[in-house]
Amino acid sequence: MADEPRRIITADASKLGVGQNIGFVEKLIHESAAAKQILKSDNPEARAFQEKAIMHLDEARAAEKQGNAEAVAKALNKAKLAIFMGMRLVGGKVVKDKKQENYNKKRHSLESLLAAHKRIRKENESGQDSRDAEVETHTQKRMQEAQAYYDKGELIKAGDVLNNAYLSLKLSLVKLRDGKTLVRSLHFETREDEYRYELRRNDTHNMLINTVLKKKREDPRLGKLMDIPLKEADKLRTEAEQQAGSENYEAAIKTLEESTKHIIRAIRMAGIFIPG
Amino acid sequence: MNKRQITITSLTLFAVALTALMGVGVVNAAGNPNPFNRLFVPPKERDTALKNDKIHDPSVPGLKLLQQPKEAFAPLPGSIGGNYINWVQALNKGLIKPHFDHLDASKEALSMDLVIVMEVKGSMPNVAFPHKEHTVWLECTNCHDSIFKPLKGANPMSMAEIMLGQKCGVCHGSVAFPVTECRRCHTESKKTAKK
């Protein structure tokens, strides 16, 4: 009774499905990233699984020639299973590498945050709190502990210990810095430094024209209008570079400031309001 | 006001994209301007349909079962760039409740209210970098110290670098609001900046 529909399915499979399937498994065994990983690895077990997969793939090809779709499907399944087993073996290495990488990254982060903690505690001369210093010794101890696990290859434990150290250090840093505002003030050691800054500021505005406003500038009417201040800006920039060339930075800065103003004009024409 | 709470898959995507960026963003960014340009799409050309987002595989039939961003984002406060949502407000208003730790739903963010004001020459307002708005989503280790050394002034940066996907641009323009929203970073008018 169920014979008819099943035959239809099998016939279908032998015509298109299976052909594609063989190609897919072939890629999986020979060309996939995991297959290459197996080839590169020095893991004989994984290689053996790959060989086994190739053998089953050959069986599938032979079965296809005989038109035995069922045997093709069976052999392909065995091939897939074998290659997956192989991948699992080298996959472990990938996971391990990732864990090592995460550990080392986190350790690096922790070192920098610990240094910040030490610096801030010392700067905080008023209101010294002995617990703050304790956090630092605690963190250092935990980091050593984590490293010992890491050296023994116990990566999960190493990661956990490091994470705990991070959480307590974070808590302490938040306590030290919460509610503060720090200012990174702008001052230039030399006129030349200020000139370099102005060059950057000029670049920034030019970049806006060439990225965000690219489409607008392609509009023929608006583009023409924008060209007027932009040409002037270009001219002034060249002039500034010449002034800087003869070490007249004072004048070069002024000229660049003017140049940037013209670019800002063009940016505003295109509909982005930026102060300046 | 709509207080519906939404589980948005894109928040998970956010985390995935972020980890991907941590690895490659800095290296690839300078040579390739496309990634940073990604969120500069003008509203008219924007297509949020999952099948066209280049993240989901359009040939997977199950895609139809997923909620479309247009529907999911509808009740959230809007913005002028990126994916046109103001995620800071969405979070502050309690309209979304992202898990801080994808492995542990009970874990809450421990945020830190530390502001670093960065003075800018000219009439452009100063930049105020708020730790608070970042640490509600991110761990300190996301930035320190692979992107920024935790030391005031130790990380010189320019707008050009940011637009090319470095420094703040590692995230802004890819997984956070793009650089076109000048006023969200350049918030501190010259007079109010405290010394």
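Each reported figure results from applying straightforward, stated rules to the coordinates on display, with no laboratory input. These figures come from a predicted structure and were not determined experimentally. No Cβ is skipped: glycine too gets one built from the backbone with ideal geometry, and neighbour counts run over all protein chains shown.
The figures follow:
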{"item": "Boolean, A:Glu247 is surrounded by fewer than 18 Cβ atoms within 10 Å (Cβ to Cβ), more than 11 Å from chain B (Cβ to nearest Cβ) and not in a helix (DSSP H, G or I)", "result": "yes"}
{"item": "Single condition A:Ala82 does not satisfy, out of (1) small (Gly, Ala, Ser); (2) outside any helix (DSSP H, G or I); (3) buried (at least 16 other Cβ atoms within 10 Å of the Cβ)", "result": "(2)"}
{"item": "Meets criteria (crowded, with 20+ Cβ neighbours inside 10 Å, farther than 26 Å from B:Ile85 by Cβ and at the interface with chain A (Cβ under 9 Å from one of its Cβ atoms)) for B:Val179", "result": "no"}
{"item": "Qualifying positions in region B:145-172 - within 19 Å of A:Glu101 (Cβ to Cβ) and surrounded by 20 or more Cβ atoms within 10 Å (Cβ to Cβ)", "result": "B:Asp145, B:Val170"}
{"item": "When residues of region A:182-225 are limited to those that are of a type in the set (Asp, Glu) and surrounded by 12 or more Cβ atoms within 10 Å (Cβ to Cβ), the one farthest from B:Gly122 (Cα to Cα)", "result": "A:Asp219"}
{"item": "Residue tally, condition part of a helix (DSSP H, G or I), closer than 24 Å to B:Phe129 by Cβ and of a type in the set (Phe, Trp, Tyr), over region B:61-108", "result": "1"}
{"item": "Flag if B:Asp104 is more than 9 Å from every other protein chain (Cβ to nearest Cβ) and surrounded by fewer than 17 Cβ atoms within 10 Å (Cβ to Cβ)", "result": "yes"}
{"item": "Counted residues, region B:109-135 - those being more than 12 Å from chain A (Cβ to nearest Cβ) and in a loop (DSSP other than H, G, I, E, B)", "result": "0"}
{"item": "Residue within region A:180-193 that is in contact with a Lys or Arg (Cβ under 8 Å, 6 or more places away or on another chain), more than 9 Å from every other protein chain (Cβ to nearest Cβ) and either assigned to a helix (DSSP H, G or I) or within 22 Å of B:Ala154 (Cβ to Cβ) (or both) present", "result": "no"}
{"item": "Test: B:Lys152 is basic (Lys, Arg), within 25 Å of A:Ser112 (Cβ to Cβ), at the interface with chain A (Cβ under 7 Å from one of its Cβ atoms) and more than 13 Å from the chain's Cα centre (by Cα)", "result": "yes"}
{"item": "Sole residue being in a helix (DSSP H, G or I), more than 27 Å from the chain's Cα centre (by Cα) and within 14 Å of chain B (Cβ to nearest Cβ), chosen from A:Leu167, A:Leu199", "result": "A:Leu199"}
{"item": "Residues that are at positive phi and in contact with a Phe, Trp or Tyr (Cβ under 9 Å, 6 or more places away or on another chain), drawn from region B:71-116", "result": "B:Gly82, B:Tyr84"}
